[in-house]
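FYI, it's all coordinate maths here, none of it is from the lab. Please read these numbers as outputs of a predicted model, since none were measured by experiment. All Cβ positions, even for glycine, are placed from backbone atoms using ideal geometry, and neighbour counts span all protein chains on display.
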Amino acid sequence: MKIYTMENSLTVKTPIEDVWEFFSDPKNLSILTPPKLKLQFMQEPPSSMFKGQRVFYCISLFPGLRLRWEGEIIEVAELERFIDEQRKGPFTYWRHEHLFFRKEEGAEIRDHLQYALPFGLIGFAIHPIVNSKMKEMFAYRNEKVKEVFPS
């Protein structure tokens, strides 16, 4: 299984406590997800995150293809990090570490994502498309975060 890695970083001029409060509310995933993915929660998530929490939703990675996703929060360290892993969904493996750092003038938000695609050689062949979509997703998310926490 080939595991791919993606990194993202963004600094905002907002106290880390406010940034953490926003990111630790699973409902805000709908704000950070591009509309074309048509994110729809299958069960209303609680407004705060906790270790062991499961989040169930559907997304549309490609037009006409709705995919169910079950994620689990496997680690939470308040104001520092949380990690979610896919339990069921379109990837063979998905682990997303969200890191938060206090800065002199705000907070840095860092992402470390690891994922693997299904279907062997077909997954390998479509990785450039998936990678491009992931970069678009992070770019969209960065813009939304800047809107939520303007400088």
(request) Using the structure shown, decide if Trp94 is within 22 Å of Thr5 (Cβ to Cβ) and touching a Cys at 6+ places or on another chain (Cβ under 9 Å). (result) no
(message) Anything in the range 1-40 that is among the aliphatic types (A, V, I, L, M) and touching a residue at least 40 places away in the same chain (Cβ under 8 Å)? List them, or say none.
(response) Met1, Ile3, Met6, Leu10, Val12, Ile16, Val19, Ile31, Leu32, Leu37
(message) I'm checking my understanding of the structure. Among residues of the range 1-36 that are in a loop (DSSP other than H, G, I, E, B) and surrounded by 17 or more Cβ atoms within 10 Å (Cβ to Cβ), which one is farthest from the chain's Cα centre (by Cα)?
(response) Thr14
(message) With the requirement that a residue be surrounded by 15 or more Cβ atoms within 10 Å (Cβ to Cβ) and not in a strand (DSSP E or B), what does the range 37-69 give you?
(response) Leu37, Leu39, Pro45, Met49, Gln53
